[in-house]
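First comes the structure, then the notes that go with it.
The values are calculated or read from the model by the stated rules, or taken from the named source; none is laboratory data. Bear in mind the structure is a predicted one, so any value in this text is a computation, not a measurement. Don't worry about glycine lacking a Cβ; one is built from the backbone with ideal geometry, like all the others, and counts go over all protein chains shown. Calculation scope for accessible area: heavy atoms of the full protein, side chains included, ligands and nucleic acids excluded. Shrake-Rupley method; radii C 1.70, N 1.55, O 1.52, S 1.80 Å.
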Amino acid sequence: LLLDTDLEQSISLSSNVLLEAFEVKASEKIEKIQERSQMSSVSIPINQIKSMPVLLGEVDVLKALQLLPGVQGGTEGSSGLYVRGGGPDQNLVLLDGVPVYNVSHLFGFFSVFNADALNHVELVKGGFPARYGGRLSSVVDIRMKEGDMKKLTGSFSIGLISSKFTLEGPIVKDKTSFIVSGRRTYIDLLLRPIIKAQGDGEYGGYFFYDLNAKINHRFSDKDRLYLSAYTGDDDFYFRYNENINNRNESFKGDIGWGNITAVLRWNHLFSQKLFSNATLTYSRYRLQTTSEYEDIFPDGNRDYSLAKYFSGIRDWSGKIDFDYIPSPNHYIKFGVGAIQHLFKPTANEYKTEEEGISALDTLINDSFINAVELSAYIEDDVKIGARLKANIGVHAASFLVGDKSYFSVQPRISARFLLHPDWSLKASYANMTQYIHLLTNSSALSLPSDIWVPVTEKVKPQTSQQIAAGVAHSLNDNFEISVEGYYKTMKNLISYKEGANYGGGFQGWEDKVDSGEGEAYGVEFLVQKKAGKTTGFLGYTLAWSNRQFKDINFGEPFPYKFDRRHDIAISIAHRLSKRVELSGNWVYGTGNAVSLPLAEYVTEPHPGHDLFGNIYGGSVQYYGNRNSFRMASYHRLDLGVSFIKKKKRGERRWNFGAYNAYNRKNPFFMFSTTDNQGNKVFKQATIFPVLPSISYSRTY
């Protein structure tokens, strides 16, 4: 066949030979690492993520990404991402192209992404293509499965803390398909009978759930429509009800938070050279706490109080993206987009009644902030001769909030030069701007009380510049090897001033924060094997990350909380036979930076007594420089084994694992106490000893 023009040819084959059953496995066909102009980008196959041993048997996409060089995981067991010295709000996490603002369940210990519903996961740490914008540190591009067009398939699994299911198949064969996947914890259901057995009318619990769904419709070879949605919530609740002498007293307390995302996407092929994606998206994150007390007296009167707190952000977005290939040496992408943000930083509602008569009914800080973010980009992945290939582009964005408007032009370039068919040199530069901030209190846990706010006249956009250079190599088509060095500067970062937080109301938050700068640099090494009986990777990071604020630490630079000098991660999965798979992870990291008091001064007693008759007094602690101490180093071994049995349709798996297999007492946080001699000493708190896990899964 001489392929000098578009050609489509169908050939009918007659069947006269009966073959034995066989299995065909396919993987995404992509350029080898040394051939791609893109650098600082890593993808992990979903099957490899599923094979990793994990905390309590919960497969977690973000925890897999934490193992990669240049990525810190925050505190023990958390699913947060701190990429190349950046904060968690500087990661653009996309689910089918829709930003997800809160990525954590269970106070940060698990992520919101159900791996059974996913098809592709990619992390971009630098050299950002121009099509991405809005964050400083990384892009996590997660894509859902599209549904099987041929036959109905399904799976389910049961674990220690949750169960999940997936169902996919054709609605109209070869034309319309669907997939739906759900997950729910049942910790509350298991513990409720135990709590109720204690009496006193008390019970409580916690659960989270996820639900993913997608419909894929093929109009023709040139047009396809996708509709996908995600919803997930966490709910922590407590109930109390007691009846004494015909007097009924009850209390309800709830903390709930969650996301909703939806996307409608239309693909159209104008010609063999021009392709478009038109997309409408919706994203919402909200947090709500409720505390309700009621006391009903025998005469029918009641005392009543209600307190509610609400915070959230909502986005409506529209964009259109084009892929244009004028010749084999150019791959041009361009597009425009608009996001309508609605911020509701805080709202507080209070109601009280005394003996049935209203005493208070008020709403505080109930205000919305509207903002519009506009963007446009163009990039060209261009071949210049036989050895040089570059992705050159520019991303332009504007942000309109109140009477203030901002505008930025963000140039990007990433290039590779082939030294040899299997070796290349790479370099990149990226300029990034971020128009939203996350106000957060320092905490060991990833709490959902963090507040998303836009830039204002007083608070400027965050900006960063990052340069990177490295070497990429493929070895025997099985191993990808890369070494990269990077240097990144960040400006207009915000942090609460010393002793300040959002307590006492949201109003005036701009005066509670300090604006500063950040610097991060380091070297990353990665060896990865994605196919074969044995898969996995080895990563090492040598890094520095510092911050500097005018009114914090006396204006002097200090280490970022998650500054780590050394990070090592090894992840291996091996197919021992058709029926047995082995897996293991080992991680090591320099201890987190912490601030510990250097001295304590006892204050003079002053008039008054507490409830126990003690004279009021206290102490003042002096901390010195911020983050000047280090917790003990962190290391952990996770092991897993899966027993697989092929069934007439599908397969059955028993998965056994051990998190922290050699029971390392890793520090979660530090605290001060007094020893037997009356001396002040520091001790570490550990929350995860060795934790076994078991789960059962079945596919059909």
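Which pairs break 25 Å Cα to Cα here: LYS150/LYS333; LYS63/LYS458; LYS63/LYS645; LYS125/LYS530; LYS32/LYS214? Pairs exceeding the cut-off: LYS150/LYS333; LYS63/LYS458; LYS63/LYS645; LYS32/LYS214. Projecting the Cα atoms of GLY159, LEU418, PHE322 onto the charge dipole of the chain (Cβ charges, centred on the Cα centre) puts LEU418 farthest toward the positive pole.
From the largest down, the stretch 278-355 spans 85, 17, 14 angstrom on the principal axes of its Cα atoms. Axis of helix 187-197 versus longest Cα principal axis of the chain: the two differ by about 30°, to the nearest ten degrees.
Histogrammed with a bin width of 10 Å, the alpha carbon distances of the stretch 468-567 distribute as 13, 30, 23, 16, 13, 5, 0 percent, first bin at zero. Since only HIS395, PHE558, LEU68 are under comparison, the one whose Cα sits farthest along the positive direction of the charge dipole of the chain, derived from C-beta charges on Lys, Arg, Asp and Glu, is LEU68. Over the residues of the chain, the helix contribution to mean residue ellipticity at 222 nm works out to -1000 deg cm²/dmol, using -39500 (n - 2.57) for each DSSP H run of at least 4.
With all protein chains kept in place, the per residue accessible area of the stretch 55-190 amounts to 26 square angstrom at a probe of 1.4 angstrom. Relative contact order for the chain using alpha-carbon pairs under 8 Å, separation at least 6, rounded to a whole percent? Averaging sequence separation for qualifying contacts and normalising by length gives 11 percent for the chain.
By accessible area, using a 1.4 Å probe on protein heavy atoms only, the chain has 58% of its surface on carbon and sulfur.
Sorted largest first, the spans of the alpha carbon positions of the stretch 213-321 along the three principal axes are 81, 22, 21 Å. Please say if the stretch 61-128 is rounded, prolate or oblate, where rounded means a/c under 1.5 for a ≥ b ≥ c the square roots of the C-alpha gyration tensor eigenvalues, and otherwise the choice is prolate for a/b larger than b/c and oblate otherwise? Rounded, because the longest to shortest axis ratio a/c is under 1.5. Using alpha-carbon positions, what is the distance between the centroids of the stretch 68-132 and the stretch 567-582, in Å? That distance is 24 Å. Of the beta bridges in the chain, as assigned by DSSP with both residues counted there, near 100 percent are antiparallel. If only the Cβ of Lys and Arg carry +1 and only the Cβ of Asp and Glu carry -1, the dipole of the chain around its Cα centre is close to 3060 debye. Working note: Cα atoms of the stretch 630-678, range along each principal axis, descending, whole Å: 69, 20, 15. Once you sort the root eigenvalues of the Cα gyration tensor of the stretch 118-257 as a ≥ b ≥ c, which label holds: rounded (a/c under 1.5), prolate (a/b larger than b/c) or oblate (the other case)? In terms of gyration-tensor shape, prolate.
Give me the accessible area per residue for the stretch 509-668, probe 1.4 Å, as a whole number in Å².
55 Å²
Placing +1 on the Cβ of every Lys and Arg and -1 on the Cβ of every Asp and Glu, with no other charges, gives the stretch 385-442 a dipole of roughly 240 debye about its Cα centre.
What is the ratio of the Cα radius of gyration of the stretch 44-162 to 2.2 N^0.38 Å, with N the residue count, to two decimals?
Here the answer is 1.09, to two decimals.
The residue among ALA338, SER15, VAL681 whose Cα reaches farthest toward the positive pole of the charge dipole of the chain, with charges on the beta-carbon of Lys, Arg, Asp and Glu, is SER15. Accessible surface computed residue by residue for the stretch 338-429, with neighbouring protein chains in place and a 1.4 Å probe, gives 52 Å² per residue. For the chain, how big is the tail of P(r) above 51 Å, as a whole percent of Cα pairs? Value for the chain: 16 percent of Cα pairs lie more than 51 Å apart.
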